[in-house]
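Working notes, structure below.
The values are calculated or read from the model by the stated rules, or taken from the named source; none is laboratory data. These figures come from a predicted structure and were not determined experimentally. Methodologically, a virtual Cβ is constructed for each residue, glycine included, from the backbone with ideal geometry; neighbour enumeration extends over all protein chains shown. Protein only, heavy atoms only, side chains kept; ligands, DNA and RNA dropped before computing areas. Shrake-Rupley method; radii C 1.70, N 1.55, O 1.52, S 1.80 Å.
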Amino acid sequence: MKTKNKAYCIYNKCLSLFFPDRCAVCGKVTDAGEYVCIDCNISFPRKQERLNIGNYPCYSVCEYNDNIQNVVIGGKKHRDFSKLAFMATEIYDLLRAYGIIDDIDVIVPVPMGRVKRITRGYNHTEKIARHLSYLSGIETVKMICKVKETKEQKTLNRQQRLHNLEGCYRLREKAVCGKIILVVDDVTTTGSTLIEVSDLLKNNGNKVICAVFARTPFRESE
């Protein structure tokens, strides 16, 4: 079993002294390190499953719906980092349940374009990955970068999504090979983003596993 990042652990404890942790679902103040209250933890609509996205196994915590939207949007756009920590914790518990967490060598977050990152101030997927590193002791490495700005995937149909991502990612110089890599994202619909990133890592000689907090049922007509 890999060990937790002690510096990150101390940082989180100090942060909770000034900014108490709140339930990622209902917003109530919780004990330090608890990202969901007891009531919400019991009622949270988990639907843990293993999917196949392209040629890659993908582990998903729950289905994306109106109840999940508050958690995802809060972490993605509103700087609610307790929600991102909650997502990471759920992914960690999911991978432990499937018995694969100790097989993973490196965690790679799905990258964000430069313009969007500057506008938002952070990459939510990277924060999920780094909290997952804290929980698991597995290093997060930014091996992929986004070199082309793209349209929002949610506005496109399946074929448009695939074309939208062509050539928008590339490997960084420090990309490794011969490792088991976990690619992390918050939500997946068609899986086109995960496939694009995973193909780059696989073609560099790695085995790739994906994990997401939620999956969205996709209809071709959308």
Selected residue (only one of ALA88, ALA97 is of a type in the set (A, V, I, L, M, F, W, C), at pLDDT 95 or above and in contact with a His (Cβ under 6 Å, 6 or more places away or on another chain))
ALA88
Whichever residue in the stretch 58-116 is in a helix (DSSP H, G or I) and of a type in the set (Asp, Glu) and, among such residues, is nearest to the chain's Cα centre (by Cα):
GLU90
Those residues of the stretch 48-77 which are over 29 Å from ASN206 (Cβ atoms) and touching a helix residue (DSSP H, G or I) at 6+ places or on another chain (Cβ under 6 Å), in sequence order:
VAL71, GLY74
Considering every residue within the stretch 117-126, establish whether at least one is within 25 Å of PRO217 (Cβ to Cβ) and either in contact (Cβ under 8 Å) with a residue 24 or more places away in the chain or buried (at least 21 other Cβ atoms within 10 Å of the Cβ) (or both).
yes
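Take the residues in the stretch 117-157 that are touching a Gly at 6+ places or on another chain (Cβ under 9 Å) and part of a loop (DSSP other than H, G, I, E, B), then tell me which one is modelled with the lowest pLDDT. Outline the logic, then answer.
We begin by selecting, within the stretch 117-157, every residue touching a Gly at 6+ places or on another chain (Cβ under 9 Å); these are 124, 127-128, 146-150.
Then drop every residue that is not part of a loop (DSSP other than H, G, I, E, B), which leaves 147-150.
Details: VAL147: 88, LYS148: 82, GLU149: 73, THR150: 70.
Per the stated criteria, the residue is THR150.
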Selected residue (criterion: modelled with the highest pLDDT) from residues of the stretch 165-194 that are open to solvent by 20 Å² or more (accessible area, probe 1.4 Å) and farther than 16 Å from MET143 by Cβ:
VAL187
For the stretch 19-34, check the following and say yes or no: at least one residue is modelled with pLDDT under 90, of a type in the set (A, V, I, L, M, F, W, C), within 24 Å of LEU182 (Cβ to Cβ) and assigned to a loop (DSSP other than H, G, I, E, B).
yes
Search result, residues across the stretch 18-47 that are open to solvent by less than 80 Å² (accessible area, probe 1.4 Å) and either among the hydroxyl-bearing types (Ser, Thr, Tyr) or under 26 Å from LEU201 (Cα atoms) (or both):
THR30, TYR35
What pairs come up if the first residue lies in the stretch 26-51 and is at positive phi, the second is open to solvent by less than 40 Å² (accessible area, probe 1.4 Å) and in a loop (DSSP other than H, G, I, E, B), and their beta carbons are under 7 Å apart, counting only those six or more places apart or on different chains?
GLY33/ASP21
Residue check, LYS202 charged (D, E, K, R), modelled with pLDDT of 95 or more and surrounded by 15 or more Cβ atoms within 10 Å (Cβ to Cβ)
yes
Would you be able to tell me the number of residues in the stretch 127-146 that are open to solvent by 30 Å² or more (accessible area, probe 1.4 Å) and within 25 Å of GLY167 (Cα to Cα)?
3
